[in-house]
1. Multiply the residue gap between B:Gln218 and B:Arg489 by 0.36 nm, knock off their C-alpha separation, and tell me the result in nm, one decimal place.
2. Which residue, A:Asn216, A:Asn99, A:Asn126, tops the fluctuation ranking in a GNM of chain A built on C-alpha contacts under 10 Å?
3. Could you give the distance between the Cα centres of the range A:145-223 and the range B:180-251, to the whole Å?
4. Starting from the 7 Å offset along Cα-to-Cβ, what nm value, one decimal, do you get for the label separation of B:Leu368 and B:Thr152?
5. Cα centroid distance between the range B:588-623 and the range A:66-136, in Å?
6. Calculate one ³J(HN,Hα) per residue across the range B:137-150 by plugging θ = phi - 60° into the Karplus curve 6.51 cos²θ - 1.76 cosθ + 1.60, and present them in order as whole Hz with x for glycine and proline.
7. DSSP beta bridges in the protein assembly as shown, what fraction antiparallel, as a percent rounded to 5?
8. What does the charge count near B:Arg478 come to, summing +1 for each Lys or Arg and -1 for each Asp or Glu among other residues with Cβ under 14 Å from its Cβ?
Amino acid sequence: MGRPVNGNIGNPNTGSLNTRSSSTRNGGAQNGIISSFRDVTKEYTTGEVVVQALRGVTFDVYQGEILVILGPSGSGKSTLLNILGGLDIPTSGAITFRNAEVTRFNESELTRYRRYSVGFIFQSYNLLPDLTAKENVDLARDLVDDPLDSLEVLRRVGLADRADHFPSQLSGGEQQRVAIARGVAKNPELLLCDEPTGALDFETGRQVLKLLKDINTEFRRTIVLITHNAPLAAMGNRVLRMRSGKITDIQHNATPADPERIDW
Amino acid sequence: MLSRGTLTRKLIRQIGRTRGQFASLVAVVAIGIAVYVLMTASYGELHDSLDRYYREYRFGDLLVQVRRAPASVVDVIRGIDGVAAAEGRLMFDARMEVPKSPGNDGKHTSIKGRIVGVPDVGTVSVNDVKVLSGRRPLKGTAEALVDPQFTTAHGLVAGDSLTVYVSGKAAGLKVSGIATSPEFTYATSNPSELYPDPSSFGVLFMSQYDAASLYGYQGEINQVLVKYGSSADTSATRVAIERALDKYGRIASLERKDQFSHVVISQKIESIRTISTTLPAIFLLVAAAIMYISVSRMVREQRLQIGIMKAIGYSGQQILAHYTGFAVAGGALGAAIGIGLGGLAVPAYMGVFAQYFNIPLGSGRVGLQEISASLAASVAASIIAGWLAARRVLALNPAQSMRPAAPPGAVKAELEWLPFIWNRLTFSWKMAMRNLARHKGRAALTVMVAMFAVALLVMAMFMRDAVDYLFRETFAGRQHYHLAVNMSRPCNRRDLFFLKGIPGVDGIEAFCDYAVRIRNGTKQDDISIKGMPRDSRMWTLVDLEDRPVSVPETGMLLDETTARKVGLQPGDMAWLKMINGTRNEQPVLVRGLVRQLVGGGAFASAEQVNQLAGESNTFNGAWLTTGDPDRVRDVLRESPVVISISSPAERLAEFEKMTGMVVFMVGLITLFGVAMGYSIIYTITSISIEERKREISFMKALGLTSWQAASIVFNENTALSAAGIALGLPLGNVMSRAFMAAKAGDMWTFPLVIYPRTYMFAAFGGYVFVTLAQWAGRRRIRQLDPIAELKTQQG
């Protein structure tokens, strides 16, 4: 699979941050489907234990939306996100992205999918400790032909003055913002966030959520965010609830909340 | 377009963080490559220099010794098909004296000289002489060029005088300069001497005319030198030459491949070539093992980072290349350093060579070939080791790798099956044993490297032990006389009474020593046969079980090396012909084999040897015991019939001086062995500390001291090192045996002698490298902050 050809990729000449166009400013569910799961199951083995993480999951991801996947620990949401991001392969079922069947991708195609289409933000930030903030962002932008400028992205997340600091010299919130910058710098279509506020205090967590909202609103990135923290569901355009590897409910939020108004 | 600048920066910082391990790796590669470069460049220089020397000075292909022939016979030889050039000359051995002078203490006054006549007119077409300083001797001036080692040993300069004794008469010669020749690259008076002793042997190049005058050979020669044509049928040409010279009393013919100097230097050059491949290969293997262990560890430790990089979009191959890069960086840097060190050492090594070999040598250059081969070998080894260690990243599923690794499975240590031992172990030993059982591959690699390191130490000392034993046994263990006297002619009882009558002589045993050709079917060899008293107390012969034996009344005892060469066993009949004589071959029964460490040859009763020579009751040498060797020597010097005087004590003293080179090599190899052992133990220690830092920190938090907490790591090292030492000692014995087997057939038989102290030294060396590595690791343990480590998440 090559780099997806899409009128919404953005201006490759400027690599600027606000050239993505979208049919709806709110990134609403009225946009087309960019990814879908059809009857996806996943089993994996850890040591001597076999876990059935997903059981016949079916849903769609719409262009430009914030999709929140809510569920307690062990509900399968992280597994779902990993499979959506091409980090893992399902045991059965089909996943598509822009009409390409991801489940049929070979290793090389999966790598390209992760490289060009997906940006990840992890709960534990997962910055490389041997690299500075800017270098962590460069690590991602080095891979694509039309990345965003590292310093510009760091400026957008409020860390331009900490560009030369190593992760050990940054607070948790700052590390998470660097991780967001890294995820965004590749200009991916899909930003996947795994409990982005899980390791942060309330204020910092709120700042991170606001940043994600801005990215969705201004840069038209589709965001899939998983969390066990129920109040966070309010910021999503849609909320998928999961339990024991299954989707139990899908809700639409007509008016997604501003993260600054969410309390937890 | 993909840029790997960021990953490169990560790699550099990774190297910085693990600089101790990286430095160990680099050191081992550097040593291996330095040895390769040194030996290969030296081999190249020696080989090319020798080749050039032989070519420029027209080293002959064949030398034929005759009794006496007219000089005109050379024209006949030149006319034989296949002969490109021929020269005739004179060569004699004579007793020499070097008078006392400011540069010479006059102590060495009984010296053997080899007088070589050099044609007076035109260019010498075979075996020319290279004048190093001064000038060629002029005809009729009684001058001589002298070999460089001899001039140095006796402090001679141009213009100094020498005395040679010809038929008992003294003749004065003046030194006209210093020279050498391809024939005398390794100048010993006979093949049984282990090393050149310029204090007692020298080569003089005289005008052919003057040599002829001295010896009464005007218009005659006693040697013919030949160069074959490029398309000559050498066997047929040689036969034709020998046939043409038979009537002049042909004594011997010697092809270049059998010429002593050529054989010695060729073997030496060949052994350098062998070392240039075997030793570096061992070091590169060890380096590869260290790389493998380090990179494997890195990949395991950074599985989360690998998952992140895959999540970001790096391919497995890119990540594999990144981790392999650690190994490649070490290999390339080690190679660069090794090339530099090896190149620096070449001139010094050439200098050492020049002390023993008369070859015009350059300082030696490291060529592009050596550099390319070094880089290629070390980078290839690095890529292979790094790839093997890191290839698991290809299989790592990104999601799985970002999950914490499953806790290590329960593994029982082998010792747990022996409860009477296991129950007596402390907890730290139990932890160490279980961890070893969990990482069997790594443990096996560590033991293997430690084993090689210790074996290297054994081999290093074995070389010294063998040479030490060879000399002590030969000169002190088996030769029980103070002086050995050689005569210029066969002597009779009257001469024996004269020797007995010298004041100071306590005991005397006469012997006769002749050069013979021994033949068994088509196999033959030129050896010496010594006729000695059956009840000799001054020369001990031992059989193959090291039991003293006496020479038989009839028949002979044969040295095992000679016997092997010609395929003879006790009970066989050998055919012996005197080289300097006209008698035909005679059969002599081989009654037994003896072990002669130096020289080889045959031993029989004086009567048997006299019979072979067609003599009766004669001798040409004697061993003397005396309480005053100097006084006896003074008297012997005056005798016209004495050609040389030697003493085992002097030879042993010379050996002590000569062992400087052996000690240097032993020291160097010892250093290599310790460096190798240190590198592997340090790498394992560093890795173990990193893997167990939470456990160690926990134990420190519990209240144990750093040393006690570190015991879980150090006990592993102790167990692995003990296994390495235990296996390395016998491996060292095996490697020494292999070395000895490779040397079999050389001039000298290296005994497999390894003194007990050598094993103790090697074991101590093992203890040293383990202790040093653990000391370096202990520092790291002291630095561990329990609070920080216990709060840090895994991965």
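1. 95.4 nm
2. For chain A, modelled as a Gaussian network with Cα springs under 10 Å, the answer is A:Asn99.
3. The range A:145-223 and the range B:180-251 have Cα centres spaced 91 Å from each other.
4. Taking the two extended label points, one gets 3.5 nm.
5. Result: 92 Å between the Cα centres.
6. Each residue's phi maps through the Karplus curve to give x, 8, 4, x, 10, 6, 10, 8, 7, 10, 5, x, 5, 5 Hz.
7. Bridges in the protein assembly as shown that DSSP calls antiparallel: roughly 75 percent.
8. +1
Bear in mind these aren't lab numbers, they're just calculated from the coordinates by the rules spelled out. Not measured: the values here are computed from a predicted model. Positions of Cβ are backbone-derived with ideal geometry, glycine not excepted, and every protein chain shown enters the neighbour counts.
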